[in-house]
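Peer 1: My structure is below; once you've seen it, I'll send some questions.
Values quoted throughout were computed directly from the atomic coordinates according to the rules given, and no laboratory measurement underlies them. Since this is a predicted model, take the numbers as computed values, not measurements. For neighbour counting, all protein chains shown are included, and Cβ atoms are generated from backbone atoms with ideal geometry for every residue, glycine included.
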Amino acid sequence: MKSIIPDYLDEALARVASDASGQLADYIPELAAADPTRLAAVFATTDGRLYGAGDVDTEFTIQSISKPFAYAMALDDAGFEAVLAKVGVEPSGEAFNQISLERDTGRPLNPMINAGAITVHSLVGSMQLTAADRVARVIDGLSAFAGRPLGVDEAMCASEMENAHRNLAIAHMLRSHGVLTEDPTVVVDGYIRQCSVRVTTRDLAMMAATLANHGVNPVTGDQVVGERVVRQVLSVMATCGMYDTAGDWATQVGIPAKSGVAGGLIGALPGQVGIATFSPRLDAHGNSVRGISLFEQFSSDMGLHVMEVPATTRTVVRANRTRGSGAGAARVFELQGGIRFAGAERIVREVVDSAPSETRVVFDLTLVSSIDDVARRMLREVVYRLRLDGHHVEIADPDSVMGARVRA
Ligand code: GLU
């Protein structure tokens, strides 16, 4: 049988294909030369499967989509404290290149606006790195997210550098506040090289899937950045990723996302999928017109909104029954599915309310597919308290979802 997903993507592209509204970005002359008809969409699953339609192998520059990834690298390299001291996490509600900083501290409001992204670039790698080595670190990091070596579009880079007055103005302002400590021109040059990295829609989907897959590239298996870093990056994408339309996006599409002025757009749905689209014509906010339409379709057709309340999962307590009789009787709690806080609470309640009178209590975890940290600790506590009350507790855990300690 042929997979249904490529056909769905073909249909989704066909629905938006005729929309020629919007403009190519023209503040970088090289960008204005792009082919406006290009159109692509790719899904990358967290186990590395790619589904694409349209111009999935056309290369274009990553532009602002590099920002969340550089932010991830800076957090990983310099640590949260050092990065948060210099760049905030508040949505600005302003255009990406607005010349504004936090009033008291001079900090850029967030890492997705240019002021924040220029500062973040300066924080990647160790403080001792030369400007060239820092750029190399950024390109290596972006490549690790994509799972293949990426390169810089030199013509795009030169074209943007010649017209970088606004970014230079921002960098000089950052330098005057002591947020940047290096030569502003050198940092802007590095930031523009970062923005000029060439990618395809496939690459972007894989990069997004690496975020969706808690920082592990689904194909290479590399842990590119830590899990805590990924949570931070996705949160900032969710609140600040779409320039001054972040609120509209959060309510209508609801997928942590980032757009770039070359027409790329990524979305990362934690634990599920990385999505990328490419279509160069932009709306007044600098976001890809057809990219937004595609994401709106994907979100509503497939229920991908992160705030979508999941259908009530099957109860985690599949059965609560007595096995055997007399002194050998055991109370058996058969658990099932994925267990997180709410599921663990149901288990605690079931155990407390049914107050087993049998000495032997068995938790059968054979059908439990996963259990998160909090739920694991809650279940351990239940076992501990039952033992304190004189019960003999056994755990049937053939897949070791509880870890070694409790099984022993
Ligand atoms: N390099 C571009 C700039 O800093 C990126 C802008 C964008 O993609 O939003 O102006």
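Peer 1: Which value, to two decimals, describes the C-alpha radius of gyration of segment 1-76 once divided by 2.2 N^0.38 Å?
Peer 2: 1.38
Peer 1: Sort the following peptides by mean Cβ neighbour count (other Cβ atoms within 10 Å, averaged over residues), highest first: 344-355, 178-189.
Peer 2: In decreasing order of mean packing, 344-355, 178-189 become 178-189, 344-355.
Peer 1: While we're on this one: Using the number of other C-beta atoms within 10 angstrom as an exposure proxy, rank H121, H214 with the fewest first.
Peer 2: Result, fewest neighbours first: H214, H121.
Peer 1: Let me ask you something else. Could you pull out every one of the aspartates and glutamates with an alpha carbon less than 18 Å from that of K86, ignoring same-chain neighbours closer than 8 positions?
Peer 2: Leaving aside aspartates and glutamates fewer than 8 places away in the same chain, those within reach of K86 are D76, D77, E102, D104, E182, D183.
Peer 1: Additional query: Tell me the chymotrypsin sites (Phe, Trp or Tyr not before Pro) within segment 1-110 that lie in a loop according to DSSP and have at most 16 other beta-carbon atoms within 10 Å.
Peer 2: Answer in residue order: Y27.
Peer 1: Restricting the calculation to Cα positions, tell me the Rg (one decimal) and the Dmax (whole number) of segment 93-250 in Å.
Peer 2: Final numbers for Rg and Dmax: 15.8, 44 Å.
Peer 1: Follow-up. Would you mind putting 390-398, 86-94, 274-282 in packing order, based on average other-beta-carbon counts within 10 Å, highest first?
Peer 2: 274-282, 86-94, 390-398
Peer 1: What are the extents of the Cα atoms of the chain along their three principal axes, in Å, largest first?
Peer 2: Each principal axis gives a Cα extent; for the chain these are 87, 52, 35 Å.
Peer 1: Which of rounded, prolate, oblate describes segment 40-79, given a ≥ b ≥ c as roots of the alpha-carbon gyration tensor eigenvalues and a/c under 1.5 marking rounded, otherwise prolate only if a/b is larger than b/c?
Peer 2: It comes out oblate by the Cα gyration axes.
Peer 1: How much length is gained if the chain between D183 and L84 is pulled fully straight, taking 0.36 nm per residue apart and subtracting their Cα-Cα distance, in nm to one decimal?
Peer 2: Contour length minus the Cα-Cα distance gives 33.5 nm.
Peer 1: Which value at 222 nm does the chain reach when only helices count, each DSSP H run of 4 or more adding -39,500 (n - 2.57), with the total divided by all residues and rounded to the nearest 500 deg cm²/dmol?
Peer 2: Mean residue ellipticity, 222 nm, calculated: -13000 deg cm²/dmol.
Peer 1: Sticking with this one: Could you work out the pair-distance distribution P(r) of segment 234-328 from its alpha-carbon pairs, with 5 angstrom bin width and percents rounded to whole numbers?
Peer 2: 3, 13, 21, 20, 12, 6, 4, 4, 3, 4, 3, 3, 2, 1, 1, 0
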